[in-house]
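Before any comments, here is the structure.
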Amino acid sequence: MAKILISTDSTCDLSKEILSERGIKQTSLHVLLGTKEYSDGIDIVPDDIFKYVKETGVLPKTSAYTINDYQNFFFENLKEYDYIIHFTISSDLSSTYSNAVLASQEFEGRVKVIDSRNLSTGQGLLVLKACDLKEEGKSFEEIVQVMEEERFHVQTSFVVDTVEYLYKGGRCSGAARLASNLFKIHPSIDMVEGKLVPKKNYRGTLKKCIEKYVLDLVEEYKSYDDTRVFITHASASDDVVSLIKEVVSKNFSFKEIIVTVAGSVVTSHCGQGTLGVLFIKK
């Protein structure tokens, strides 16, 4: 049987434990805090970003894994594996996908790069689904075929605690920022066709808004893959995370609920306290 490596970039927000347990290899995007460069998921944590933004008022910048980086990554791993299926952050958000595709072309069909059309654990869900298929004994071609279709069925959304990061990133007007602060408005952000777009504004305390957000998901998605769900957050408080886990458990029937902390990409775009529920819909 052919040996297949499932790999991904660091925006998938899968924990080191999951990566190790499922045999997933990861490439790291770069995060720039001023003139200093870090490797996402390796030598930078969300607290570093919060501190930098608080001190400078400027959002960090991210840069893609380069073509040369990818050529080296694929070359080294193809010494051990027959094929590689590599998932990237949405091509609408980064040049990572195009770099990986260009790098893959010299390996004569042994590397397939899949544009997840997602980020964070929306991407992570696809990676784990591919691992499931691999463990079921599916071939390289079969896994690629399923995942090319499945990537359009991921429900990726978040509720934002503060709009400060959206404002600094040009995704929120000054008027919307003021209204959000005055009226305790917490917007939800949805992943649509590979892009992050505003979906709905919730009003009230974060706990109340988070609960309503989950109940809205229950109403909207009656049919879903019950294998697993991710609750992904950017250093949200323990009581908020506990509440959302309780509401998800009570209103959905997922076999596995995985709580994970968002990495540099979601943190940089949406800020501290952001929290989302992500799963594959049918």
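The values are calculated or read from the model by the stated rules, or taken from the named source; none is laboratory data. These figures come from a predicted structure and were not determined experimentally. Counting neighbours? That spans all protein chains shown, and the Cβs are built from the backbone with ideal geometry, glycine included. Just the protein is used for accessible areas: all its heavy atoms, side chains included, with ligands, DNA and RNA removed. Shrake-Rupley method; radii C 1.70, N 1.55, O 1.52, S 1.80 Å.
Some points to look at:
- Rounded to 5, percent antiparallel among DSSP beta bridges of the chain: 60 percent
- For the range 205-282, relative contact order (Cα pairs under 8 Å, six or more residues apart, normalised by length) works out to 46 percent.
- Per residue value of the accessible surface for the chain (all protein chains in place, 1.4 Å probe), Å²: 46 Å²
- Put a dot 7 Å past the Cα of ASP216, heading toward its Cβ, do the same for ASP43, and the two dots end up 4.1 nm apart.
- Karplus 3J(HN,Hα) series, Hz, for the range 133-144 with 6.51 cos²θ - 1.76 cosθ + 1.60 (x for Gly, Pro): 5, 4, 5, 7, x, 5, 7, 3, 5, 5, 5, 4
- Among ASP239, ASP69, ASP225, residue whose mean-square fluctuation peaks in a GNM of the chain (springs only between Cα atoms under 10 Å): ASP239
- Stokes-Einstein diffusion for the range 204-282, with the hydrodynamic radius set to the Kirkwood value over Cα pairs and evaluated at 25 °C in a medium of 0.890 mPa s, equals 191 µm²/s.
- Distant-in-sequence amide H partners of THR62 (H built 1.01 Å from N, under 5 Å): LEU32
- Residues considered: LYS25, LYS36, LYS250. Largest GNM mean-square fluctuation over the chain, using C-alpha springs under 10 Å, is found at LYS36.
- With 10 Å bins from 0: P(r) over the chain, alpha-carbon pairs, percent: 6, 30, 35, 21, 7, 1, 0
- Three-way shape label, the range 16-75, alpha-carbon gyration tensor, a/c 1.5: oblate
- Hz values of 3J(HN,Hα) by residue in the range 59-69 - Karplus curve (6.51, -1.76, 1.60), Gly and Pro given as x: 6, x, 10, 10, 9, 6, 5, 7, 4, 5, 4
- Choice from SER15, SER237, SER104 with maximal GNM fluctuation in the chain (Cα, 10 Å cutoff): SER237
- 10 Å Cβ shell holding at most 16 others, DSSP loop, GluC sites (Glu not before Pro): longest site-free stretch of the chain: 1-79
- Here the chain is treated with +1 on each Lys and Arg Cβ and -1 on each Asp and Glu Cβ, and its dipole about the Cα centre works out to around 1000 debye.
- HN-Hα J in Hz across the range 201-211 - Karplus 6.51, -1.76, 1.60, θ = phi - 60°, x for Gly and Pro: 9, 9, 10, x, 5, 4, 4, 5, 5, 4, 4
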